[in-house]
Structures are given as structure tokens and as C-alpha cells.
């Protein structure tokens, strides 16, 4: 191996390490700042406001849904290669990972903050175990399952080398199941679920259209050279 090749390998390794640290630091900072801000908000609300925890949970849940949608859309754009000439692959992957982990942080806050709610009175087991809650067990259950799927998908990026490309790709098809479960949970649960319908509809249409585009790109790329 030449000295130039060795230098390039070392540089690539350092870039990956720095990218990982930046992503991790950004996620921790984003999650920490958001958690502190929402906790402060909850403490600042009047003590008589029984719905304070519910409001925080609902707002963080909406933010998680938006981040998940952007993560889905960016993943489809990235895999289609439309921005590959202008955006470095590591930066594109880093943004995708950041969106996914940020959605996961907001999802965790969305569920765990409800432990302080005195109306629905959830236990830790209700928040962590699917279909265990007596409060809307089906919709709560699909929401918890979607959280675990998000964790699986986000973690799979770091095991890609051991999983292999085929298994990694197969696992990532679960992102559609995750998006479907989160959408069902979002529009089906909550007194303000009617407000979620426009957001859910817009997000679903966007994901559907980009998926059709991505499948079309793959079909065109699979054609033999010289065919339209």
C-alpha cells in the first residue's frame, strides 16, 4: 500500500470519527436543551394546570413526527442520489442520522413526560411495554412499537458493516412500517387529533410521492444500457 493510500485511509477514518462526534454532540445538545426548556416550561405553568404534562407530551410528539417525516424524505432523496454531486456522502448520512436520532429523542420525551400526568396516570411499564396500558392500549401500543422500531433503524447505521448491504436494506424497509404506526398513533390518540390530520396527510403524500420517484429511479437504473 502506498503512502498516499495510507494517508487517505487515515484521513477517511478521522473524518468518520469527527462526523460521529459531531452528530452525537448535536443530538445530545439538541435533546438536552429541549428537555431543559420543556421542563422549565412545565414548572412555569400554573400549578393548577392539570394538562401541563399532556401539552408538553403532545408538542414533543408533533415535533417527533415532523422530524421522522423529514428523516424519511431525506433518506429517499439521499438513496436516489439526486444531491450526490453537490453534498458529500458523509454529510448527507450525518444529516439523515441526526434527523432520526432527534425524532427518537423527542419520542422518548413524548412518552416519559406522561409519567407526571395525574389524569391518565401511566406507570413506567405502561410507557415501555406495548399494549400494557389500560389507557387506549391499542394506540398506545403501536406508538411504543414505533419507538422501538425507530431505535432499531437508527442503531442499524452503526452495524451496517456487520449486517451487510442486503440485510441493512431489508431492515430499512421497516421505516415504512414505523411511519405508518406513528401516523396511526398521532391521528388516533388525543383530544386534538383533528389538528393532526392536515399534517399527517401532507406528510403521507410527500413520503408516497418520493417513494414513487425513488422506485422509478431504481427501475430506470436497472434497464440495460441503450434502452430508454
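The values are calculated or read from the model by the stated rules, or taken from the named source; none is laboratory data. Since we're looking at a predicted model, the values are computed, not measured. Here the Cβ is made from the backbone with ideal geometry for all residues, glycine too, and neighbour counts use every protein chain on show.
Using the structure shown, decide if residue 122 is at pLDDT below 90, more than 27 Å from residue 215 (Cα to Cα), buried (at least 19 other Cβ atoms within 10 Å of the Cβ) and more than 20 Å from the chain's Cα centre (by Cα).
Taking the combined requirement at face value, the residue satisfies it.
Hey, among 99, 104, 109, 152, which residue is part of a helix (DSSP H, G or I), surrounded by 21 or more Cβ atoms within 10 Å (Cβ to Cβ), without any contact (Cβ under 8 Å) to a residue 40 or more places away in the chain and within 15 Å of the chain's Cα centre (by Cα)? Being part of a helix (DSSP H, G or I), surrounded by 21 or more Cβ atoms within 10 Å (Cβ to Cβ), without any contact (Cβ under 8 Å) to a residue 40 or more places away in the chain and within 15 Å of the chain's Cα centre (by Cα) holds for just one of 99, 104, 109, 152, which is 99. Every listed requirement among (1) under 23 Å from residue 62 (Cβ atoms); (2) surrounded by 16 or more Cβ atoms within 10 Å (Cβ to Cβ); (3) under 17 Å from the mean Cα position of the chain (by Cα) is met by residue 114 save one, (3). Taken as a whole, the structure places residue 161 among residues that are exposed (fewer than 14 other Cβ atoms within 10 Å of the Cβ) and either at pLDDT 90 or above or under 22 Å from the mean Cα position of the chain (by Cα) (or both).
Residue-by-condition table, conditions (1) assigned to a helix (DSSP H, G or I); (2) modelled with pLDDT under 85; (3) surrounded by fewer than 11 Cβ atoms within 10 Å (Cβ to Cβ); (4) in contact with a helix residue (DSSP H, G or I) (Cβ under 9 Å, 6 or more places away or on another chain):
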| residue | (1), (2), (3), (4) |
| --- | --- |
| 175 | yes, no, no, yes |
| 178 | yes, no, no, yes |
| 181 | yes, no, no, yes |
| 190 | no, yes, no, yes |
| 196 | yes, yes, no, yes |
| 206 | yes, no, no, yes |
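Before we move on, is residue 133 surrounded by 13 or more Cβ atoms within 10 Å (Cβ to Cβ), at pLDDT below 90 and in a loop (DSSP other than H, G, I, E, B)? Answer is yes for this residue.
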